[in-house]
Amino acid sequence: MIEKNILLKRKVKELTALYEISQTLSMSLDIEKSIYGVLEKLDDLLGMKRCTITLLNPRTGELLIEAAYGLTEAEKKRGKYKIGEGITGRVVQTGRSAVVPKIGEDPLFLNKTRSRKDLDKKDISFICVPIKIGKEIIGALSADKVFDPQIPLEEDVRFLSIAASIIGQSVKMQQLIQAEKDKLIEENKTLRQELTEKYSFKNIVGKSNRMKEVYEMIARVAKSDATVLVRGESGTGKELVAHAIHYNSLRTKRPFVKVNMAALPENLVESELFGYERGAFTGAFDRKIGRFEMAEGGTLFLDEIGDLTPATQVKLLRVIQEREFERLGGIETIKCNVRLIAATSTNLEESVKKGRFREDLYYRLNVFPIYLPPLRERKDDILLIAEHFLAKYSSANHKTIKRISTPAIDAFMSYHWPGNVRELENTIERAVLMCEGEVIFAHNLPPTLQTPQTSKTQIGDSLEALVGNFEKDLIVDALKSTKGNKSRSATMLKTTERVLGYKAEKYGIDFKKFRP
């Protein structure tokens, strides 16, 4: 009857211990801290002393003490085993639990930690069970216990095996979390590297003298914290320059935050830039951080800065001067460390004269101006940029388009490009979608580019002259594609070599001119 009461009390303690072990392991993602808490529970609730978790190092093949309760740091460091060495080594090697009723009488017990000074008492039991993840043995859980003949040691083995199983699952979960974390860190590094390469100023397309000046300006200002004002017409690539400055700066590992002033309603600009506190206005149900806080330590790009309202201009001026601001509806002053890059397509000097833009803010922003020339002022870059977008959109649309025809190039060079690079990009994307072969022809271009001059026709030309010009262009493009191969050119044009030869002679086309 006494033995049954003792076992019943023991079961209650075990259940309590298992519950608290589960709670301890679920409370923190720090597995080392959690495991130490588990060992502490084993000591407090079940009287198990010198509880130790030994894990296998897969790289060295050694068993090392990962966590221990009741051992000093020096004793932990001495606890090293090889697989098969001592009781702990054998448990890991065989995957079977081991029990030593009285450790003073067992020669296999090595006492490597030298933590047991009372071996001569011969009343200390040692229990060691494997820790498994699936079928893989990753270590062992062991503990000392004062020998008690009333409670069979098999009960301690059973309980520790359950505890080891719970610990094994936690270790597995931690390994999965760590692996996912390492994967995300690696992906983050890869993405940052890709962004750095993508937005390197060396990858901005253009070799004209005007663009070389822009590259030099970017290189000079990138490593500093100076405020930059990027100026130029819409579509010239001001955002691309801002990216290049950030990703070549000392802030490259910090956020790059952009906001288009023209795209925001007037009443939302202030809250977007500086954030707001809960209850600041109707609908502000929670605190929201602004773009300045989001860009902390990094770069904030303000596009179309000329569209700022007078009230917001005052607040922006203060941030630039004092490096601090308050959220809308708040009283807390927030310090900020943000590098500012602004861009505008408007004439700020004219806006200052008319009183629409603050003069003091203008001088604060215009510390290091970079002017991007319109596309019509750097015609040498047009074909280079067109070929860049041709490769991009051909790949994106799974097409094999090798080049742009001569008439299409003439159309590009004679057009004034009011929308600049953005318009050229849209033109190429449309042409790729319209193209059915390997060459972009003039008829693939938008109507705005198809003029009598670019198609080499004059108003009043006869139908025969128009058809002749078109035929000649087709033959020349085919010969360029095949490097002067008459047979392949005829196949490409779906005609015979005889007809092709006749047409070439008619239009004065020499096949040899197209051969390498």
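Every read-out reported here was derived from the displayed coordinates using simple, explicitly stated rules and does not represent laboratory data. These figures come from a predicted structure and were not determined experimentally. Virtual Cβ from ideal backbone geometry, glycine too; neighbours counted across all protein chains shown.
Summary of computed values
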read-out: Exceeding the 24 Å Cα-Cα cut-off - candidates LYS402/LYS483; LYS288/LYS354; LYS223/LYS288; LYS80/LYS183; LYS207/LYS472; LYS49/LYS76; value: LYS288/LYS354; LYS223/LYS288; LYS80/LYS183; LYS207/LYS472
read-out: Residue order, fewest to most surrounding Cβ atoms within 10 angstrom, among THR312, THR333; value: THR333, THR312
read-out: With Cα atoms, 0 to 90° folded angle of helix 310-322 axis to the chain main axis; value: 60 degrees
read-out: Straight-distance crosslink candidates among aspartates and glutamates, where the alpha carbon sits under 16 Å from LYS486 and sequence neighbours closer than 8 are dropped; value: GLU471, ASP473, ASP477, GLU497, GLU505, ASP510
read-out: Over 32 Å between alpha carbons, listed pairs LYS238/LYS480; LYS212/LYS512; LYS379/LYS399; LYS392/LYS480; LYS399/LYS513; LYS392/LYS503; value: LYS238/LYS480; LYS212/LYS512; LYS392/LYS503
read-out: DSSP-defined beta bridges in the chain - what % are antiparallel, rounded to 5; value: 60 percent
read-out: C-alpha long axis of helix 2-27 to longest principal axis of the chain, angle in °; value: 20 degrees
read-out: Mean ellipticity per residue at 222 nm, deg cm²/dmol - from DSSP H runs of n ≥ 4 across the chain, formula -39500 (n - 2.57); value: -15000 deg cm²/dmol
read-out: Under 5 Å, built H, 5+ apart or other chain: amide partners of ARG403; value: ILE440
read-out: Correct choice for mean projected area of the Cα convex hull in nm² that was computed from the model, options (1) 26.2; (2) 42.5; (3) 39.2; value: (2)
read-out: Relative contact order of the chain, defined on C-alpha pairs under 8 angstrom at six or more residues apart (%); value: 9 percent
read-out: Those aspartates and glutamates that a straight Cα-Cα span of less than 13 Å connects to LYS335, excepting residues fewer than 8 apart in one chain; value: GLU293, GLU296, GLU322, GLU324, GLU326
read-out: Tilt relative to the chain, helix 463-482 - C-alpha long axis, 0 to 90 degrees, to 10; value: 40 degrees
